[in-house]
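One structure below.
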Amino acid sequence: MTDTQNLTLVQAVRDGLQTELHEDDDVVVMGQDVGKNGGVFRATEGLFDEFGGDRVIDTPLAESGIVGTAVGMAAMGMRPVPEIQFSGFMYPGFDQIVSHMARFRARSRGRFTLPMTLRAPYGGGIRAPEHHSESKEAFYAHEAGLKVVIPSTPHDAKGLLAASIRDPDPVIFLEPKLIYRAFREAVPEEPYTVPLGEAVTRREGDDVAVFTYGAMTRPTLEAAETLAEEGIDCEVVDLRTISPLDREAVVESFKKTGRAVVVHEAPKTGGLAGEITAILQEEALLYQEAPIGRVTGFDVPYPLYALEDYYLPSAARIEDGILEAVEF
């Protein structure tokens, strides 16, 4: 029987980093305050003392330099895991991400790959300023050459992180900080991976398929359980990886139910919900029994904390979106 630890999501991230540092000498962790300080959320706490400053590297506050240095390391065969302290600070490194990180394999016609995993805490709900709380995952999902991973549980966080670090291509690994310490889960102590590009059904149901990921998985499951008391049977699918998207799982769940709702905290316009809607129209239109619902953040700048709870999809707002699809 596999030994487990009861970990929070941020502890599982740390465990995943520690495991991969042990597994592969080419893995290095780098970023602002990740070393001696252990990271702003303590995701790298203790790793500097264990592995030293050559493997857990404190960098200057220069996101373009952090990403660019990691690109060079990965091109030469290392497996860097750079951290951007908040996803809202990734924009100074955006040129490196789009122009180099995403395109290196294609530009070199496959001669070079970039096995690097860019980590960042992302999303809202912790009463932080707007640049610390945005959900801009669609930026990266839109860029060919990048994989985009967003865990929703501690078990998946460790396994998806390991799979990302071992992947030959670059991965954007977004960690929903709202649930960093929200709950604990049994996480195997031994190394393991969770495959990239595979969704998981968190709740089986026959009436409506609800697609979500990251921090929104928990309120979606809460809404599903509440609606079950009213006789509405929701299927909840956690996408886990939004690029590549598990199209087959999305389509099959929709064919089963004929109704769908997509939940994410990112703004509605240009968000992943629109892409999922298009996939279902293209591949399963004849199964559709109602308009596909979207429960999302709003098309406004991320609000200050007094309005944060109104911006993020709540269980009650998700329930309303599901009811609208079911009662059509």
Taking all protein chains together and a probe of 1.4 Å, list H22, H264, H100, H142 from the most accessible to the least accessible.
H142, H22, H100, H264
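For region 1-138, what class follows from the C-alpha gyration tensor (a ≥ b ≥ c being the square roots of its eigenvalues): rounded when a/c is under 1.5, otherwise prolate if a/b is larger than b/c, else oblate?
In terms of gyration-tensor shape, oblate.
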What net charge is computed for the residues neighbouring V27, neighbours being all others with C-beta under 11 Å from the C-beta of V27, Lys and Arg scored +1, Asp and Glu -1?
-2
Hey, how many Å between the Cα centroid of region 80-148 and the Cα centroid of region 275-321?
24 Å
Treating the angle as unsigned and between 0 and 90°, give the value, to the nearest 10°, between the Cα long axis of helix 315-326 and the longest Cα principal axis of the chain.
50 degrees
Spin-label model distance (nm) - D3 vs E252, 7 Å beyond Cα toward Cβ
3.6 nm
Rounded to 5, the percent of DSSP beta bridges in the chain classed as antiparallel
25 percent
Got a number for carbon plus sulfur as a percent of the chain's accessible area, 1.4 Å probe?
50 percent
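Please give the per residue accessible area of region 149-243, computed with a probe of 1.4 Å over protein heavy atoms only, in Å².
Here the residues of region 149-243 average 31 Å² of exposed surface.
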Förster radius 56 Å - calculated FRET efficiency between R109 and L307, Cβ distance, rounded to 0.05
0.70
Highest GNM mean-square fluctuation, the chain, Cα pairs closer than 10 Å: which of Q18, Q96, Q281?
Q281
Please compute the length gained on full extension between R184 and H22, using 0.36 nm multiplied by the number of residues separating them and subtracting their Cα-Cα distance.
55.9 nm
How compact and how long is the chain, expressed as Rg and Dmax of its alpha-carbon atoms in Å?
19.5, 60
Helical contribution to [θ] at 222 nm, DSSP H n ≥ 4, -39,500 (n - 2.57), averaged over the chain, rounded to 500
-9500 deg cm²/dmol
What residue among T217, T69, T241 shows peak mean-square fluctuation when the chain is described by a Gaussian network model with Cα springs under 10 Å?
T69
At 1.4 Å probe size, with every protein chain present, just tell me what the per residue accessible area of region 56-132 comes to in Å².
42 Å²
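So how much slack lies between E229 and V200, counting 0.36 nm per residue of separation and subtracting their Cα-Cα distance, in nm?
8.1 nm
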Excluding Y302 itself, what net charge comes from residues whose Cβ is under 15 Å from its Cβ, given Lys and Arg +1 and Asp and Glu -1?
-3
How far, in degrees from 0 to 90, does helix 63-75 lean away from the longest principal axis of the Cα atoms of the chain, to the nearest 10?
80 degrees
Would you mind computing, in nm to one decimal, how far apart the modelled labels at A62 and V300 are, each placed 7 Å from Cα along Cα→Cβ?
3.9 nm
Specify the angular offset, from 0 to 90 degrees and rounded to the nearest 10, of the alpha carbon long axis of helix 154-166 from the longest principal axis of the alpha carbons in the chain.
50 degrees
Three-way shape label, region 190-328, alpha-carbon gyration tensor, a/c 1.5:
rounded
Rounded, prolate or oblate: pick one for region 127-277, where a ≥ b ≥ c are the square roots of the eigenvalues of its C-alpha gyration tensor, a/c under 1.5 means rounded, and failing that, prolate if a/b is larger than b/c, else oblate.
rounded
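The values are calculated or read from the model by the stated rules, or taken from the named source; none is laboratory data. Fair warning: this is a prediction, and the values are worked out from it, not measured in the lab. No Cβ is skipped: glycine too gets one built from the backbone with ideal geometry, and neighbour counts run over all protein chains shown. The protein model used for the area step is the full one, side chains on, heavy atoms only, and it has no ligands, DNA or RNA in it. Shrake-Rupley method; radii C 1.70, N 1.55, O 1.52, S 1.80 Å.
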